[in-house]
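Accompanying notes for the structure given below.
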Amino acid sequence: PEQHRLVVSAALRRPPRHGRGPLLLYLLDVLELPDPVLPQLPGLLGPDVPAAGLLVVGNKVDLLPADAPGHLGRLRQRVAAACAQAGLRGAPLVDIRLVSAKTGFGLEGLVSRLQRSWRCAGDVYLLGATNSGKSTLFNALLRSDYCKSRAPDAVDRATVSPWPGTTLNLLKFPIINPTCDRIFRRQERLKEEATKTEDQLSSEEKKYLNHLKKQGYLVGRVGRTFQRPKSSPVVDFDPDMLSYSIDEDPRHSPRKREEREEFTYNEVKDARWCFDTPGIVKENCVVTFTLQVLNLLTEKEVKLVLPTHAIIPRTFILKPGMVLFLAALGRIDYLQGEKPAWFSVVASNLLPVHIATLSNAEAIYEKHAGQELLKVPMGGEERMKEFPPLVPQDITLKGIGTTEAVADIKLSSAGWVAVTAHAEEKLLLRAYTPKGTMLVVREPPLLPYISTIRGARIAGTASYRTKKRPSLVENLKTTGRK
């Protein structure tokens, strides 16, 4: 963390170029709200940073289903509330946007917003916590209208990794100057593409869109208005290499190393740059828990915990005396209440959920933690010897209705459980997370109507059948299908 602060602070405290301080583009993971790094931003920036603006971008909205109409507006309100709570408001806060750096949703709108508000006045620094998708966003902007057309061939892409500290170098690309002509041509392209239907796309575009639809609920098509002309390949002809006697074998010249393209001085002498900074490490266990939990896991386990595809909510109806396990990483006991309540799990589809009773919960954890039933951690008894025990925290909630959750219980970075109960119904719950980590009760919940996304009750169980919402493609005309 100390090394990170030195690198980022030194970059942000550079003298303003072109007479204007940088725009800070801060990326947060909406699944991690309340974002643990937002409160650190004022201290990271300090009073002597000549920042002229802050644009907050909520990422990974593609992973969350629409629980009810207007869910993106509610998500944006949650991000705005987190910014206000962290002391980020007023003139420095330029805007709040919601995107998916992975599927492209919202990226064309983000580029337009950047070009409209910032134009080419100063440099841009991309900030974000580890695992927020910052490198993915950097690579997406590199291939968009925000970047000079020749830059993708001359600029390194950021390394995408689930682990922090992959690099401390500042990658950068030159921002294109959004002249009036370029803005007009870009808007014409966007208008033309928005009139297309999926049936009018090429087979390659359809295949790519279908691939993205399987991974996220919200998909965007990110194109390029300004393409550099493709040069014709030049074939080197060496007659001496092709001439050989009947007694000789043909000689093969070693492949020439492809020369890396470089910008000319004139191309970048007045350029404004977009910098990718190292991921901000979440270090304060009082504020956050994500870093500690991920550090407890192996690489194989991390891949099961961090969701990479659209999350399918799993809803269960529990009576007092019942227990919900989310793998071996979290547990919720329903201790007291008059009526059954609904518990909707929002977590990676690869993490198992197991329902038990209070009387046998300890035995189940003892027997199956580290095994297939509870999945993560994995590695049996030897693995569990080094894994910290689960520690409890009591939670009291009051229901507000059978269709609206009262709160989310975040079980470290494994995900959360939205609790829905009858109006005025008082619930006493006990939630467990690994020792040294911290659970969060999020009120209001991120997706208050999540329990309504369910199928029929499975007879003889506490489970409902799962239901996956259809994916929606941005900037594409619908063909009448709902």
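The values are calculated or read from the model by the stated rules, or taken from the named source; none is laboratory data. The model shown is predicted, which means the values in this text are computed figures rather than measured ones. As a convention, Cβ positions derive from the backbone with ideal geometry for all residues, glycine included, and neighbour counts pool all protein chains shown. Just so you know, the surface numbers come from the protein's heavy atoms only, side chains and all, with ligands and any DNA or RNA stripped out. Shrake-Rupley method; radii C 1.70, N 1.55, O 1.52, S 1.80 Å.
Going highest first, how would you order 462-468, 74-80 by mean Cβ packing within 10 Å? The partial results should precede the final answer.
Working: 462-468: 15.0, 74-80: 17.6.
Order by mean packing, descending: 74-80, 462-468.
If the cut-off is a Cα-Cα distance under 17 Å, which lysines reach K148, setting aside same-chain residues fewer than 8 apart in sequence?
K172, K230, K269
Can you send over the carbon and sulfur percentage of the accessible area for the range 289-470, probe radius 1.4 Å, protein chains only?
C and S atoms contribute 53 percent here.
At a 10 angstrom cut-off on C-beta neighbours, averaged per residue, how do the peptides 411-420, 199-208 rank from highest to lowest?
Final packing ranking: 411-420, 199-208.
Among all the lysines, which ones have a C-alpha under 29 Å from K339's C-alpha, if same-chain residues fewer than 8 places away are not counted?
Partners found: K319, K398, K410, K426, K467, K468.
For E425, E474, what's the largest-to-smallest order of accessible area, 1.4 Å probe?
E474, E425
Which whole number of Å³ per residue matches the convex hull of the alpha-carbon atoms in the range 289-470?
110
Work out from phi, with θ = phi - 60° and the Karplus expression 6.51 cos²θ - 1.76 cosθ + 1.60, the ³J(HN,Hα) of each residue of the range 382-387, listed in order in whole Hz, and give x for Gly and Pro.
In residue order, the calculated couplings are 4, 5, 6, 5, 9, 8 Hz.
Give me the percent relative contact order of the range 289-470, please, defined on Cα pairs under 8 angstrom at least 6 residues apart.
After rounding, I find 26 percent.
Please list, in order along the range 123-130, the HN-Hα scalar couplings obtained from phi with the Karplus expression 6.51 cos²θ - 1.76 cosθ + 1.60 (θ = phi - 60°), rounded to whole Hz, x for Gly and Pro.
6, 10, 10, 8, 10, x, 6, 4
Stretched out fully, how many nm does the piece from L350 to L170 gain, at 0.36 nm a residue minus the Cα gap?
Fully extending the segment from L350 to L170 adds 61.4 nm.
Rolling a 1.4 angstrom probe over the protein heavy atoms, how many square angstrom per residue are accessible across the range 349-459?
On the way: 5030 Å² over 111 residues.
Here the per-residue accessible area is 45 Å².
Contour minus end-to-end for D95 and E193, with contour as 0.36 nm per residue of separation and end-to-end as the Cα-Cα distance?
Length gained between D95 and E193: 32.7 nm.
Can you sort F173, F184 by 1.4 Å-probe accessible area, starting with the largest?
Order by accessible area, largest first: F184, F173.
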